[in-house]
Ligand SMILES: [Zn+2]
């Protein structure tokens, strides 16, 4: 079942009822061990997955190996599909590795000195990646993968003292850590031999049968249908779109308890995109140096085409107290790992440490995922409230925090800014903006944080707006000050206006000529930036509150109280949000 171009799959996790949880988790454990045994057999054949091959991944796998533990042909196909998708992902990374391998050099690593342990030389890594990214044109995701693979190679160097020669030298067999079983290898919902699923759209219910092993390992079908209540949004989408093979998966909570959920996947029609002629409002955002994201809304100005108008005050998305929580969790992980390393190999206490370390990682990762969803949803909400038809985002291809970040808190902030969270936000924005009928563009960030949005001339950044910092521009300074027109503002705010200016220039070009053209920040019309109270407009994640509590408590405020809307986090907890107008 291949997706049409105007459709995209949306997936919703539905918790299975209590009475089948045990059976479903046992099925997931069994299939996980089969998938992992398959991955171990497939790993030496990774190169086989390098060749472009379309169609279901299970076909690829069953051509190469037989089931390590046969218990039904279609069950194996589903397991093979799961393993095959992992192998295809790894093959992609191996291809990226082949690209970067020739340039991996000792220059990437900073030698140990008396003051500092050995580490990565981020400056030379950045230069090398920038040279390579020219070959990647506008592919932001590929860039993140590349950066990620370089990091992995550097970590290998820190442990082994040499760079890996082969991808497999630094990548262990990628085993499934939590249970996951896609039913895409079976014969479909009505004829499936490992599951059957049917929807009653009128009643808003689904009925599921699935095959699982009992406690003695005997495979059998569920005797009664498992009834699932569908969320309203799923019912709405099911009325219009086709559904695809679901995935059964376990969610592991921070305390280690497990829940089996069924991901119901529906093909959803993308909302039609606004005609370029009718695009007026653009949301521009940039990845902050200090905060996570800064966003602002500009509008074209038909009366004076060279003077776009700023509509919104800035939206600062800061992570506030969460930084501290994440930093503490990282520190706890470091301490636990150090304590475990001191124990003898056969010390029984090792298992308890391992369990606690896993628990910390799960908490840490859950918070990161939640943060990405929250930030992306906030931007989409901000764009909807302001009726924007285009979101212009600073390209992912910038490494903002070069050379910064001392201590664990800085370590977390670096990681947050440079890797997965930004890529997650990007993915969520890209697919959700399509559902909302908004266009989404990636803007090249060159010069955006060192150009005055008011007069368009080059400007320096400083540690702060304070007079004693004035003589001393610093590249990563938080404050932008224009020597030509005297404009003075938070650096991230100025950069977000500049990104929005690039978006506006693109829109006007499309309207005038119908041809796409990317602009640089020095060649676009300047705006009269809106004044703002630096503290009043800051959106702060409340400090000293667990994110879970924050969502339960359900309140985030931005200044100004004229517009309000409801935002849902990935845990489907409504958040009241008021946006400044
Ligand atoms: Zn200026």
Original post:
residue 485 versus residue 191, label points 7 Å from Cα toward the beta carbon: distance in nm?
Top reply: 6.7
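Quote the FRET efficiency, to the nearest 0.05, computed for residue 345 versus residue 148 with a Förster distance R0 of 30 Å and r equal to the Cβ-Cβ distance.
Here the calculated transfer efficiency is 0.45.
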Subject >> Reciprocal mean inverse distance between Cα atoms of region 286-383 - Kirkwood radius, Å >> reply: 17.0
Subject >> Sequence of 157, 97 once ranked by neighbouring C-beta atoms within 10 Å, starting from the fewest >> reply: 157, 97
Subject >> Rounded FRET efficiency, nearest 0.05, which uses the C-beta distance separating residue 431 from residue 232 and R0 of 25 Å >> reply: 0.75
Subject >> Ranked 441, 501, criterion: other C-beta atoms within 10 Å, fewest first >> reply: 441, 501
**OP:** Could you tell me, in Å, what Rg and Dmax come out for the Cα atoms of region 322-375?
**Re:** 13.4, 44
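Expected output is a single nm value to one decimal: the length gained when fully extending between residue 335 and residue 274, i.e. 0.36 nm times separation in residues minus the C-alpha distance. What is it?
16.7 nm
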Original post:
To the nearest 0.05, how large is the calculated FRET efficiency for residue 166 and residue 51 if R₀ is 22 Å and r is the Cβ-Cβ distance?
Top reply: 0.75
**OP:** Please report how far the C-alpha centroid of region 327-372 lies from that of region 470-486, rounded to the nearest whole angstrom.
**Re:** 42
Original post:
Can you tell me the Rg and the Dmax, both Å, for the Cα atoms in region 221-274?
Top reply: 15.1, 50
Original post:
Pulled fully out, how much extra length does the chain show between residue 98 and residue 457, if you take 0.36 nm times their separation in residues and subtract their Cα-Cα distance?
Top reply: 125.1 nm
Original post:
Could the peptides 203-215, 385-397, 29-41 be put in order, highest first, of the mean number of other beta-carbon atoms found within 10 Å of their residues?
Top reply: 385-397, 29-41, 203-215
Subject >> Label-point separation, residue 22 to residue 365 (7 Å along Cα→Cβ), nm >> reply: 2.8
Original post:
Sorted by average packing, counted as other Cβ atoms within 10 angstrom per residue and highest first, what order do 218-229, 167-178, 340-351, 423-434 take?
Top reply: 423-434, 167-178, 218-229, 340-351
Subject >> Ranked packing of 265-277, 478-490, most packed first, by mean Cβ within 10 Å >> reply: 478-490, 265-277
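Readers should treat all values here as calculations from the given coordinates under stated rules, not as data from a laboratory. Quantities reported herein were computed from a predicted structural model and do not represent experimental measurements. Methodologically, a virtual Cβ is constructed for each residue, glycine included, from the backbone with ideal geometry; neighbour enumeration extends over all protein chains shown.
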